[in-house]
1. For the stretch 45-60, name all the residues that are at pLDDT 85 or above and among the aliphatic types (A, V, I, L, M).
2. Which one is modelled with the lowest pLDDT, of the residues in the stretch 21-44 that are over 12 Å from the mean Cα position of the chain (by Cα) and farther than 20 Å from W94 by Cβ?
3. Every residue in the stretch 70-102 that is modelled with pLDDT of 90 or more and more than 24 Å from F16 (Cβ to Cβ), please.
4. Would you pick out the residues in the stretch 59-97 that are open to solvent by 70 Å² or more (accessible area, probe 1.4 Å), over 13 Å from the mean Cα position of the chain (by Cα) and within 17 Å of F11 (Cα to Cα)?
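The values are calculated or read from the model by the stated rules, or taken from the named source; none is laboratory data. The structure presented is a predicted model; accordingly, all values stated were derived computationally and were not measured. Cβ placement follows ideal geometry from the backbone for every residue including glycine, while neighbour counts extend to all protein chains displayed. With ligands, DNA and RNA removed, areas are computed over all heavy atoms of the protein, side chains included. Shrake-Rupley method; radii C 1.70, N 1.55, O 1.52, S 1.80 Å.
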Amino acid sequence: MRLDFFLDRPFAAATFANLAVGAASSSAWSRSPLRVLAPGLSEIQGGLLLIRLTLMIPVGAVLGGWLADLIGYRAMALVGFAVAFAGYVLLSFWGTHPLTSP
């Protein structure tokens, strides 16, 4: 990748926003689902549980690209960030077990 692409502010902002959301997603995937939803699973069982999430990523990417063509890329990015933010806020209220959380 040519570094002069980062001189374009929208490109640089989108790249760094994608990096931030990716870091948050990685943290959420590696910590929350297995410890909270299914403690005591083996590594294989935990991996199979996370496959459901991973398989939906390409589906979301295709749908997001289609919607972005319809409503515009800026609007779709704002919707995506709002949904991610809401999900992380909800995730922050989980206790050690989702059934006992407030």
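1. L55, V59
2. It comes out as E43.
3. Selection gives L70 alone.
4. Within the stretch 59-97, Y73, R74, L78 meet the criteria.
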